[in-house]
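The values are calculated or read from the model by the stated rules, or taken from the named source; none is laboratory data. On a predicted model such as this, the values are computed, not experimentally measured, just so you know. Here Cβ is always computed from backbone atoms with ideal geometry, including for glycine, and neighbour counts include all displayed protein chains. SASA here: full protein model, heavy atoms, side chains in, ligands and nucleic acids out. Shrake-Rupley method; radii C 1.70, N 1.55, O 1.52, S 1.80 Å.
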Amino acid sequence: MNSVIEMIEGLGRSVLNALARLGLAGRFFLAILMVIGVPLRRFSLLVRELYFSGVRSLLIIVVSGTFVGMVLAIQGYEVLQRFGSAETLGVLVALSLVRELGPVVTALLFAGRAGSAVTAEIGLMQATDQIAAMDMMAVNPIARIISPRFLASVVSLPLLACMFSAAGVFGAYLVGVKLIGIDDGSFWSQMQAGVDFRLDIVNGLIKSLVFGVAVGLIAVFEGYYAPPTAEGVSSATTRTVVTSSLAVLMLDFVLTVWMFRGLNG
Amino acid sequence: MPLPAACMDHEMSVVKSAPTHPDPLIEIKDVHFAYDERPILRGLSLSVRKGEVLAVMGGSGSGKTTLLGLIGGRILPNKGKILVDGQNVPKLDRAALYALRTRFGMLFQFGALFTDLSVFDNVAFPYREQTNLPESVIRDLVLLKLQAVGLRGAAGLMPSQLSGGMARRVALARAVALDPMLMLYDEPFTGLDPISTGIVARLIRRLNDAFGLTSLVVTHDLDASLKIADRVIVLAEGQVYRDLTPDDVRTTTDAFVRQFADGLPDGPVPFHYPAPPLLDQLLGKTVAGPNGGGTP
Amino acid sequence: MKKSKFDLAVGLFVAAGILALVFLAMKVGNLTGLETSEGYRVEARFDNIGGLKVRAPVKSAGVVVGRVDSITLDSQTYEAKAILRIDQNYKFSKDTIASILTSGLLGEQYVSLEAGGDSVYLGQGDRISKTQPAMILEKLISQFLFSKASESTGTSK
């Protein structure tokens, strides 16, 4: 009996803790937004973080995109040729990439590649008093350290998602047209007829922008509030990847429902 | 309060409560602070006179580091006033606090150098952030500060390439970059070899006298601080326990200070964390304490 | 020296991202097409729209001239009301016939416009009065069976 009560108590406590943490994250987000102008005015701060978050993630994104596109082409062709419509492969691949896989897979890879690095870096700065030292030098660490990293994530993710999708289309072109032998012209023309700029490409961009906000916020938040120990920083890094991935997938569902509402005529 | 006025005087006798000074830079009045319900400071009052090097000592958890956080405005007290140069720190808004902090220099426990910046850029950081000086002037100032701590030759190194003592000295150069009025030192000797400890201790004294600073050194390294301090304050139970001159510390018969000065394992500060009698616990007569881990 | 390395790499990175977006917009998507150009909206009512979807193409002689903007049911007449957005470069006469056709046997449905001979053109908010509903396979089959049945009863007389 006691153990049941303890269990319920424990559950209640963890729910309360989670809510308190969410509230803390919300306040942290506001604090970042208040000083988001700093990295825009001091562009070199942003450029440095764009280098570490964006440029360093470029290779993994482009390579992954190409392979995802190639696999999509093979799988898509296998199904489509059963219905005799293999030439619509371009639409299938492009829509999958632009609407879903581009933003989502890029965000997941980005969380693992750049988000975890940002958390570890900020966590170590916190553990070695670098953030406290900056604060004592009358330099706001949220403005100087946190907001450029956050903004870099928001800027990088949409760009990376575009590259992922473009690489994926290229990979599908290689497999579909060069390897399988789908007609070049109908591959592209079907794709252009089926992909809408605003509804598909812009919506995909909006998604990756939202993911950029989510992954960036989680990464800097976990780092900033990581316990200042080796164990604390390493578990914060893990939490960044896990929480960002879950957040991205859940946000993707919400955004997809919202974007494609009422489109079923 | 009984108030012996002077304190630069090394012949001073033992005083048991916080003295006030004719010209204090920091005045702390009846400050209470609890961390998660655990009281750290209970009515702490002390003052720091302009120009002196004050060593604050005490065991782990006695609130030494908390004291620095309070003076720097990084943590807020539950109660009490903290006057620095006439301004009550806990009541300042962010802009005023930051304005005040530009006149502080703080040396953190392990230096807290920015690991992504070179030694030169670390020392240049305060100038680049807080002033509009041209880069050529900054360069000269940085080289002068590095020269003062003997590390001009290390300007191009990264913090990861420095030894503990060198990192501490670079951090010191960075802390005094903007010619502060007040220097705060958080355990400046921790983890240093005797030579480095001596170098850092002498630098603290020399910088204090050369630039007319006031220095507050939080430490548990008695030897090093006795060499450089004008006055030693011992914290215990969240209050000022003793206010002594270095000579007093060497000669006092106070059991607590003696235990601290001589490094005795047991004394007024007990060796054992509070626990039920060992025999009772072994025989299972008492329930284990929170950290006891015994079986009921 | 270190800064310029960042600058160059980040500049290339941003350029590559924008290039990828342009590629998606121009080559993969249809930014060059109708979507961005201004158009005018006309209304067409159908007894049955079948499987017509919002964003389905509006074609004339096989050329895409617009898209279906919205589809609603008129609760008074129980007709489907489709709003068609048509590229302003194309003019259609008042007596144009709108019909819902299917591309291929199982392809998507679209609205086909057949221009009439009227000299007055359709404008914003106008209504296409002559429409032809979608062909529903079940109805076609039942019509066919019915006509066959009536044929056979007719010949047997």
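Here are a few things to note about the model shown:
- As for the stretch B:126-140, it holds at least one residue that is within 11 Å of chain A (Cβ to nearest Cβ), over 18 Å from the mean Cα position of the chain (by Cα) and open to solvent by 60 Å² or more (accessible area, probe 1.4 Å).
- Checked against (1) modelled with pLDDT under 80; (2) surrounded by fewer than 18 Cβ atoms within 10 Å (Cβ to Cβ), residue B:260 passes all but a single condition, namely (2).
- Scanning the stretch A:118-142 for residues that are surrounded by fewer than 23 Cβ atoms within 10 Å (Cβ to Cβ), touching a residue at least 24 places away in the same chain (Cβ under 8 Å) and more than 9 Å from every other protein chain (Cβ to nearest Cβ) yields a count of 4.
- Selection status of residue B:223, surrounded by fewer than 22 Cβ atoms within 10 Å (Cβ to Cβ), touching a His at 6+ places or on another chain (Cβ under 9 Å) and not aliphatic (A, V, I, L, M): no
- Filtered by the rule that a residue be part of a helix (DSSP H, G or I) and open to solvent by 10 Å² or more (accessible area, probe 1.4 Å), the stretch A:34-45 gives A:34, A:37, A:38, A:40, A:41, A:43, A:44, A:45.
- Against the test of being in contact (Cβ under 8 Å) with a residue 40 or more places away in the chain and farther than 15 Å from residue B:126 by Cβ, the options B:158, B:183, B:166 yield a single qualifying residue, B:158.
- So residue A:223, is it assigned to a helix (DSSP H, G or I), away from chain C (no Cβ under 13 Å), surrounded by fewer than 24 Cβ atoms within 10 Å (Cβ to Cβ) and not hydrophobic (A, V, I, L, M, F, W, C): no
- Members of the stretch A:168-181 found to be within 13 Å of chain C (Cβ to nearest Cβ) and open to solvent by 10 Å² or more (accessible area, probe 1.4 Å), listed by number: A:170, A:173
Residue-by-condition table, conditions (1) farther than 18 Å from residue A:135 by Cβ; (2) out of contact with any Ser or Thr (no Cβ under 9 Å at 6 or more places or on another chain); (3) open to solvent by 40 Å² or more (accessible area, probe 1.4 Å):
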{"position": "B:70", "(1), (2), (3)": "no, yes, no"}
{"position": "B:79", "(1), (2), (3)": "yes, yes, yes"}
{"position": "B:99", "(1), (2), (3)": "no, yes, yes"}
{"position": "B:111", "(1), (2), (3)": "no, no, no"}
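- Any hit, the stretch A:2-23, residues being open to solvent by less than 80 Å² (accessible area, probe 1.4 Å), under 25 Å from the mean Cα position of the chain (by Cα), modelled with pLDDT of 90 or more and within 12 Å of residue A:217 (Cβ to Cβ): no
- Taking the numbered list (1) open to solvent by less than 20 Å² (accessible area, probe 1.4 Å); (2) at pLDDT 80 or above in turn, residue B:209 passes all entries but (1).
- Residues of the stretch B:219-277 classified as more than 18 Å from the chain's Cα centre (by Cα) and of a type in the set (Phe, Trp, Tyr), total: 3
- Scanning the stretch A:182-197 for residues that are within 8 Å of chain C (Cβ to nearest Cβ) and over 18 Å from residue C:18 (Cβ atoms) yields a count of 6.
- Helices (runs of 4 or more DSSP H) lying entirely in the stretch B:89-191 (those with 2 or more residues that are among the small types (Gly, Ala, Ser) and in contact with a strand residue (DSSP E or B) (Cβ under 7 Å, 6 or more places away or on another chain)): B:164-175
- Residue within the stretch B:191-205 that is buried (at least 18 other Cβ atoms within 10 Å of the Cβ) and acidic (Asp, Glu) present: no
- Among the numbered conditions (1) farther than 17 Å from residue B:105 by Cα; (2) hydrophobic (A, V, I, L, M, F, W, C); (3) in contact with a helix residue (DSSP H, G or I) (Cβ under 7 Å, 6 or more places away or on another chain), the only one that residue B:183 does not meet is (1).
Yes/no matrix, rows are residues, columns are (1) at pLDDT below 90; (2) of a type in the set (Asp, Glu); (3) in contact with a helix residue (DSSP H, G or I) (Cβ under 7 Å, 6 or more places away or on another chain):
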| position | (1), (2), (3) |
| --- | --- |
| B:200 | yes, no, yes |
| B:205 | no, no, yes |
| B:240 | yes, no, no |
| B:247 | yes, yes, no |
| B:251 | yes, no, no |
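- For the stretch A:203-219, the set of residues classified as in contact with a Pro (Cβ under 7 Å, 6 or more places away or on another chain), away from chain C (no Cβ under 13 Å) and either surrounded by fewer than 24 Cβ atoms within 10 Å (Cβ to Cβ) or more than 17 Å from residue A:57 (Cβ to Cβ) (or both) consists of A:207 only.
- Among the conditions (1) surrounded by fewer than 18 Cβ atoms within 10 Å (Cβ to Cβ); (2) in contact (Cβ under 8 Å) with a residue 24 or more places away in the chain; (3) within 11 Å of another protein chain (Cβ to nearest Cβ), the only one that residue B:74 does not satisfy is (2).
- Going through (1) farther than 29 Å from residue A:231 by Cα; (2) open to solvent by less than 30 Å² (accessible area, probe 1.4 Å); (3) within 13 Å of chain C (Cβ to nearest Cβ) one by one, residue A:76 falls short only on (3).
- Among the conditions (1) over 30 Å from residue A:96 (Cβ atoms); (2) surrounded by 19 or more Cβ atoms within 10 Å (Cβ to Cβ), residue A:65 misses just one, which is (1).
- No other residue among A:184, A:200 is under 26 Å from residue A:74 (Cα atoms), in contact with a helix residue (DSSP H, G or I) (Cβ under 7 Å, 6 or more places away or on another chain), among the acidic types (Asp, Glu) and open to solvent by less than 60 Å² (accessible area, probe 1.4 Å) apart from A:200.
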